[in-house]
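Step one of this worksheet: look at the structure below.
The values are calculated or read from the model by the stated rules, or taken from the named source; none is laboratory data. Remember, it's a predicted structure, so these values are computed and weren't measured experimentally. Cβ placement follows ideal geometry from the backbone for every residue including glycine, while neighbour counts extend to all protein chains displayed. Ligands, DNA and RNA are stripped out before the accessible areas are found, and what is left, the full protein with its side chains, is counted by its heavy atoms. Shrake-Rupley method; radii C 1.70, N 1.55, O 1.52, S 1.80 Å.
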Amino acid sequence: MSQFAFFNDLNSALNMDEPLTKGPLPRWQRKNKENSSVEMNMSNFNSSNSMSSSDLNKSRGNEERKRSQSVGRKTPKTPKKSPGRHKSNPNTPSAKSKTPSGGDRYIPNRSAIDTELSHYLLTRDENMEDLSPSEREKRKAIDENMEDLSPSEREKRKAMSELVHGKDIQKSRVLAFQNKAPPPPDGYQNSLKVVYSTSKTPMGSKPTSRYIPLTADRILDAPEIQNDYYLNLIDWSHFNVLAVALGGSIYLWNGESGAIDHLMDLEGNENVCSVAWIQEGYMLGVGTSLGTVQLWDVSAKKKCRTMDGHDVRVGALAWNTYILSSGSRCGNIVHHDVRSRDHKVALLQNHTQEVCGLKWSPDGRYLASGGNDNLLNIWSGVPGQHTFSTQPIHSLSRHQAAVKAIAWCPWSPNVLASGGGTADRHIYFWNVSSGACLDSIDTKSQVCALLWNSDYKELVSAHGFAQNQLIIWKYPSLVKVAELHGHSARVLNLAMSPDETTVLSAGADETLRLWKIFEKVKSKKKEIKNNASKFNSMFNSIR
């Protein structure tokens, strides 16, 4: 009978119609059982709040033990770590989730993108490959040196870019993710405009980090300097040497080393009334009280020649390349060609009293002369030629006192500043092309000298009675920047150092004061030639 038992077992094993009574449960039955157990536990928890946390943990442990036994897994022998040490971050998405539950997907807004401009910005570097190597280097240098350009040049290039592209491409983006705010309707006024505007600092009162020392950086003695308003007794050369006239002598002070050198002495009771350095070179013009004009080669300490033309003292000198103009006490102005034997090339007669102010414009087109007759005359001249007008193109009579302080604007050659004496006390700004008065300042004091600074666009004025101070003015706003006190008598003359950082003032108290008031904005490399033979060869023929 044993063979029949074997066949019965074999048939029952091969019969697939009967339900399985052994082995693990199917997956769908395990899932149903797990869901039903979780629902049962949640319902029991909500219905009975008296269940303690220990009972809940015990029931969960039993469920996990039954679940592991039902799927045929053994219970681990080592106890599990405390569930409180590893807390999952609810903000971290599950590792099984393929897409984040929320957040920005960074989808660009095509309606807010200028596709043509974006394409140009992306392919700008590729288009440069079609250019020649020199043209590519030129454009690359332009892009890198944009910060070194002046503000006017940057504004010009920005305007050209806006004209070509319709907008400033430097502020444009290739991709845009949101629409720009719509512009307000015409005539719209914000009701809170007053609140926001009152908290803003006005443009004229913005704080600045610039420091202006109110005391002199250095004081030099100037004994026997003449206390005469109408004379011009100091001048600072381009190679940093200061010429000072003390009575009948001239002394040279080196701005780099501080050395003092004696140049010359006049004979008898003759005094030096004016000094002026040529623009380039070591030639110094000297006006004397006897009406002569001397030329001195400072490098050789030698007098080159003496030129006549005046019968009374020469209180003002001005250079225009090889033309030296001199103004005398009788009101005449003489142009001397220092290269020629017959040096007198023009005589200008329009002032009725002493000429005390004389300056050529930076471009050499105009000569400004101020006199004790309260007149400011503008003369025309052609640079490099013996063509001079014998009549002034403008004769300005707004001043009420002698006009000694004259200064041409270095960045605008047609702008001239002039200052009047004790009875006038005004500084006027003129357009010499039209003769119009641009502006004026009432300084409340005698104006003795004027100087411009091109880095800060400012004007320095020296004053006499009654405060004897220096004033720094901002141009063109004419706002007073600072006042410098130190002289006990009126300030007779001003001179500017070659690097335009230091102003030297000569006072009637027989002192020279150096004011370091202009810090250099940008480093300007100025090559100073130490060999006099490298300068203009025209002085080789001085007789």
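Summing +1 for each Lys or Arg and -1 for each Asp or Glu among the other residues whose beta-carbon sits under 13 angstrom from that of Ile225 gives -3.
The mean sequence distance of close C-alpha pairs (under 8 Å, at least 6 residues apart), as a share of the length of the range 385-498, puts its relative contact order at 17 percent.
For the range 224-516, lysine pairs separated by 8 or more sequence positions, or belonging to different chains, with Cα-Cα distances below 29 Å total 29. Where the accessible area of the range 224-516 is counted over protein heavy atoms with a 1.4 Å probe, how much of it, in %, is carbon and sulfur? Carbon with sulfur: 44 percent of the solvent-accessible area. Whole-Hz Karplus values for the range 511-517 come out as 9, 10, 10, 9, 10, 8, 10 Hz, taken residue by residue from phi with 6.51 cos²θ - 1.76 cosθ + 1.60 and θ = phi - 60°; glycine and proline positions read x. Considering only Thr501, Cys448, Leu375, and ranking their Cα positions along the charge dipole of the range 224-516 that arises from unit charges at the beta-carbon of Lys, Arg, Asp and Glu, the one farthest toward the positive end is Leu375. Accessible surface for Tyr475 stands near 40 Å², nearest 10, in the context of the full protein assembly shown (1.4 Å probe).
Oblate is the label for the range 337-382, because a/c, from the alpha-carbon gyration tensor with a ≥ b ≥ c as root eigenvalues, is 1.5 or above and a/b does not exceed b/c. Counting only protein heavy atoms and using a 1.4 Å probe, the accessible area of Glu155 comes to about 110 Å².
Run through all the Cα pairs of the range 224-516 and give the fraction in each 10 Å bin from 0, expressed as whole percent. P(r) over the range 224-516, rounded to whole percents: 6, 31, 39, 21, 3. For Arg210 and Val174, a Förster radius of 45 Å and the Cβ-Cβ distance give a FRET efficiency of 0.65, rounded to the nearest 0.05. Using R0 = 60 Å, the C-beta based FRET efficiency linking Trp411 and Lys31 works out to 0.10. Could you work out the relative contact order of the range 303-412, using alpha carbon pairs under 8 angstrom and six or more residues apart, expressed as a whole percent? The normalised contact order for the range 303-412 reaches 19 percent.
For the range 224-516, a simple Cβ point-charge model (Lys and Arg +1, Asp and Glu -1, everything else neutral) yields a dipole of about 460 debye relative to the Cα centre. The gain in end-to-end length when the Leu10 to Ser397 segment is fully stretched comes to 125.4 nm, 0.36 nm per residue minus the alpha carbon separation. Here the gap between Leu121 and Val345, fully extended at 0.36 nm per residue and compared with their Cα-Cα distance, gives a gain of 74.3 nm. Given R₀ = 30 Å, what would the calculated FRET efficiency be for Glu483 paired with Asp221, taking r from the Cβ atoms and rounding to 0.05? That gives a FRET efficiency of 0.80.
Heavy-atom accessible area for Asp265, with the other protein chains in place and a 1.4 Å probe, reaches approximately 90 Å². Computed on the range 224-516, with alpha-carbon pairs under 8 angstrom and 6+ residues apart, the relative contact order is 10 percent. Averaged per residue, the range 374-528 has 40 square angstrom of accessible surface, using a 1.4 angstrom probe with ligands and nucleic acids left out.
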